[in-house]
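Worksheet: one structure, shown below.
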Amino acid sequence: MSRLAVFGGTPAVPREMRHVRWPVVTDADRAAVLRVLDSDIMVSNAPGETAVLELERRWAQRVEVAHCVGVSNGTDALSLALAALGVGPGDEVIVPALSFIATALGPLHQMAVPVFADIDPVTFNLDPADVERRITPRTAAIVVVHLHGLPADMDALGALADRHGLAIVEDAAQAHGATLRGRPVGGLGKVGAFSIQVTKNLPTCGEGGLVTTDDAEIAGRIRQSRQFGEVIAPGRPRDYLSERFGWNAKLNPIQAAFTTSQLDRFDEYEKLRQANIVPFLDRLAALPGFHVPFAPADRTHAWHVLRFRIDLPAAGMDGGRPGAVRDALCRLLRAEGVPAGQYQRIPLPQQRVFLDREGFGRGYPWAIAGTPVQDVDFPVAEQVIADSLVLQKRHLHPDSGPLLQRYADAFEKVWEHRDLVRSMAAS
Ligand SMILES: *Cc1c(COP(=O)(O)O)cnc(C)c1O
């Protein structure tokens, strides 16, 4: 057995390989940003603006939908999508118990109550049966997250939504380019919400969001809502008349131009990512008790986050608490040069904002009569959080293949020392 780095052995991942930058920034990206800077058109509502329009055109085409609207970030994309669907005070919106906080803030921003549903232990996405249990006469929509890049079970969720007359908003912030039977996410529900925040698979140089839909009316409403409720049309002077309720939630042209330039390389990166990640996961799948992410043949996984579950008895590490085993593994892996960690430490419903229910002050939106007391127990989400560890960001780089092979060396090395992990977790 080779000596663990934590005890002074040689780390499995050489130091000079560890620093990986994401996103990859090329001269083409720099030139795209400079073109906007030099154009004198630095807001999306300026006459003659083209950078935001171009990204919207390109992303609509890529997602195979009729319309795309650029907005300020992924959280606003969700909020504006729900607003455009008419979701408002007194409504309930079903969201998964495991996701990024923004998924549940979207409904709250519309004064609607997020109602949490548990996840599937294998896909980490919404469990359709638990969603169905939580539907009430107040339910207005379901936010379906394609968590970590794996498309959710849209067949079952779509059938459920149709049966109950509910709209589906896809939170595709982690799933750019992922497909279900060849169809891209973002075009599978009524509205799709993407983030292009700098750490995502399709990044900008900062913050941004994209909303996708086939519905011209919804797209039109979001266009107005992002711009104070005004109608901005090419070739027509701005009249400062607000036709509807609005925000200032525009996408900046510099951010748009950077992302359009990234989009030129997106499919190539995606292909390289598959080629780097699949062999890495194949090596890890051979470790006893180690579960690699599920990627069935009818879906492509965008691999935004790699989440691994540990089956303690099968790994020979039972006895300790799952969280303690995970922490021990992360400690040994980090010493080897693998930045293993956690993504979400608690299920969303256990976050303070949902426990305290202060919201907009005086308890709104929950204070609206009839809002039920919610569960805080989501056994599957809790189990998954406790017994899994994740890798983020570095594997997104198109040249990460050799690094991931060293990561696999580290996992194999740590796996040889499972007895140590067990005793670390027990103490
Ligand atoms: C990143 C993310 C968001 C929010 O996007 P921002 O652009 O950061 O506002 C929403 N949902 C999920 C699942 C995310 O990962």
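From the list 252, 248, exactly one residue is surrounded by fewer than 24 Cβ atoms within 10 Å (Cβ to Cβ), within 16 Å of the ligand (Cβ to nearest atom) and farther than 29 Å from residue 305 by Cβ. Which is it?
Only one candidate passes the filter, namely 248.
What do you reckon, is residue 308 surrounded by fewer than 21 Cβ atoms within 10 Å (Cβ to Cβ), within 21 Å of the chain's Cα centre (by Cα) and either among the β-branched types (Val, Ile, Thr) or closer than 19 Å to residue 342 by Cα (or both)?
No.
Name the residue that is nearest to residue 134 (Cα to Cα), counting only residues in the range 161-199 that are away from the ligand (no atom under 16 Å from the Cβ) and in a strand (DSSP E or B).
Taking the candidates together, the pick is 167.
Answer yes if at least one residue in the range 281-297 is surrounded by fewer than 19 Cβ atoms within 10 Å (Cβ to Cβ), at positive phi, in contact with a Gly (Cβ under 9 Å, 6 or more places away or on another chain) and not in a helix (DSSP H, G or I), and no otherwise.
Yes: the range 281-297 contains one or more residues that are surrounded by fewer than 19 Cβ atoms within 10 Å (Cβ to Cβ), at positive phi, in contact with a Gly (Cβ under 9 Å, 6 or more places away or on another chain) and not in a helix (DSSP H, G or I).
Would you mention how many residues in the range 316-342 are surrounded by 20 or more Cβ atoms within 10 Å (Cβ to Cβ) and either at pLDDT 95 or above or part of a helix (DSSP H, G or I) (or both)?
10
Please go through the range 200-232 and pick out each residue that is basic (Lys, Arg) and either in a loop (DSSP other than H, G, I, E, B) or near the ligand (Cβ under 9 Å from one of its atoms) (or both).
200, 226
Results for (1) more than 16 Å from the chain's Cα centre (by Cα); (2) under 17 Å from residue 226 (Cβ atoms); (3) away from the ligand (no atom under 16 Å from the Cβ); (4) buried (at least 21 other Cβ atoms within 10 Å of the Cβ), shown as yes or no for each residue.
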| residue | (1), (2), (3), (4) |
| --- | --- |
| 60 | yes, yes, yes, yes |
| 93 | yes, no, no, yes |
| 105 | no, no, no, no |
| 111 | yes, no, yes, no |
| 119 | no, no, no, yes |
| 128 | yes, no, yes, yes |
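The values are calculated or read from the model by the stated rules, or taken from the named source; none is laboratory data. These numbers were taken from a predicted model, which means no experiment stands behind them. Using ideal geometry, Cβ is built from the backbone for each residue, glycine included, and neighbour counts are taken over all protein chains shown.
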